[in-house]
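> Below: one structure in C-alpha cells.
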Amino acid sequence: MVGEGTLRIQPDPAQLAQAAADFIAAQARAKPNLSILVATGNTPMPTYIELARRAEAGAVDFTRVTAVQLDEYLGVSDADPRSLWGWMRRSFVEPLGITRTVRLENPEQFKVALAELGGLDLAILGLGPNGHLGFNEPPSQPDAPTRTLTLTPASLASNAAYWGKLDVPTGAITAGMDVILAARACLLLVSGTHKRDILRAALEGPETPAVPASFLRRTALTVIADEAAWG
Ligand code: PGA
C-alpha cells in the first residue's frame, strides 16, 4: 500500500484538476525555476487548462519553469497533428507562458540536457491502461533508460482514441524509468473507471516490471485520482 497522504481522491475530474493545479502551482511558487516532466494524454488536460487560467490571472508565474518532454512517436514531423511535442506546446508550454523547454529527440542529447538542468523537480504523469509511464511499456525495469521502442498493442489501442482516423505510429521514444524515478517529486493523475484495476495494481500490487507504474512507490509520490478510478 502507499504511504499516508500519497493518495488524494477527488469526487470528479473537475475537482481532480483543481487539486492537481493546486499541487503544481504550489511547487512553482516554492521554486520558480522548477523543471517539470510533462505528460500529454487526456487525463492532465483539465489540469493544464486550470493552470493556464491561473497564470493568465496572475495567480502563479511559470515563466522561469522548464518543461521537459516525456515521450514522442518516431517519424512524425512537427506539423503532424500526432506530434506529442506539438501537443505539449499547445496544451502546456504556450498557455502557461513557459519559455524554456527540453525536447526529447534522442537519448544522449536528452541525458545531457537533464544533467545541465540539474535533474527533474517534478514529473507529471498519467497512468497507461497497461501500467505504462510515458512509453515505458510493460515489462520495464526501474533502471530502464531513455530509449526508442515499439509500442504494445494496448498502447496502440489506447492512443488511437487521440487521433481519430489517423494511425498511431508504432515506434516511440520515452524518457526512461530511471529519469522518472529520479524526479524529486512525482504526481500521478488518474481518472475514470477504466483505470480502476491498473491503479489498484500500481498502488497495492507487487512492485513489478509488468506494471511499470508500481515502481513510483519508490519516489516522493502524490496520486490524485477521481472516485471513478479509485472506487
Ligand atoms: P490518458 O493516457 O491520460 O489519455 O488516459 C495515459 C497514458 O496512456 O499514459
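The values are calculated or read from the model by the stated rules, or taken from the named source; none is laboratory data. Predicted model only: the values in this text are computed from it and were never measured. Don't worry about glycine lacking a Cβ; one is built from the backbone with ideal geometry, like all the others, and counts go over all protein chains shown.
> Would you mind telling me which numbered condition in (1) small (Gly, Ala, Ser); (2) farther than 26 Å from Gln27 by Cβ; (3) more than 14 Å from the ligand (Cβ to nearest atom); (4) more than 16 Å from the chain's Cα centre (by Cα) Ala157 fails?
(3)
> If you don't mind, there's one more thing I want to ask. Looking only at residues that are touching a Gly at 6+ places or on another chain (Cβ under 8 Å) and among the β-branched types (Val, Ile, Thr) in the range 194-221, which one is nearest to the ligand (Cβ to nearest atom)?
The selected residue is Ile198.
> Of the conditions (1) among the hydroxyl-bearing types (Ser, Thr, Tyr); (2) within 13 Å of the ligand (Cβ to nearest atom); (3) closer than 26 Å to Pro46 by Cα, Thr152 fails just one. Which one is it?
(3)
> Name the residues in the range 197-228 that are under 20 Å from Leu120 (Cα atoms) and part of a helix (DSSP H, G or I), would you?
Scanning the range 197-228 gives Pro212, Ala213, Ser214, Phe215, Leu216, Arg217, Arg218.
> Would you mind stating whether Val60 is away from the ligand (no atom under 16 Å from the Cβ), on the phi < 0 side of the Ramachandran plot, buried (at least 23 other Cβ atoms within 10 Å of the Cβ) and more than 15 Å from the chain's Cα centre (by Cα)?
no
> Name the one entry in Thr152, Thr222, Thr146 that is in contact (Cβ under 8 Å) with a residue 12 or more places away in the chain, surrounded by 15 or more Cβ atoms within 10 Å (Cβ to Cβ), under 24 Å from Val112 (Cα atoms) and not small (Gly, Ala, Ser).
Only one candidate qualifies: Thr146.
> Which of (1) among the aliphatic types (A, V, I, L, M); (2) within 30 Å of Gln15 (Cβ to Cβ); (3) more than 18 Å from the chain's Cα centre (by Cα) is the odd one out, the single condition Ala113 does not satisfy?
Every listed condition holds for Ala113 apart from (2).
> Right, here's the next one. From the list Pro95, Pro169, Pro145, Pro107, exactly one residue is modelled with pLDDT of 95 or more, within 16 Å of the ligand (Cβ to nearest atom) and either at positive phi or not aliphatic (A, V, I, L, M) (or both). Which is it?
Pro169
> Here's a check for you: in the range 187-199, which residue that is touching a residue at least 24 places away in the same chain (Cβ under 8 Å) and surrounded by fewer than 15 Cβ atoms within 10 Å (Cβ to Cβ) is farthest from Ala14 (Cα to Cα)?
The residue in question is His194.
> Being hydrophobic (A, V, I, L, M, F, W, C) and either assigned to a loop (DSSP other than H, G, I, E, B) or more than 8 Å from the ligand (Cβ to nearest atom) (or both) is the filter here; which residues of the range 132-142 pass it?
Phe135, the sole residue that qualifies.
> Here is a check on your reading of the model: is Arg90 more than 18 Å from Ala175 (Cα to Cα) and touching a strand residue (DSSP E or B) at 6+ places or on another chain (Cβ under 8 Å)?
no
> Also, quick follow-up: Can you tell me which condition Pro129 does not meet? The list is (1) within 12 Å of the ligand (Cβ to nearest atom); (2) not in a loop (DSSP other than H, G, I, E, B), and all the others hold.
The single condition Pro129 does not satisfy is (2).
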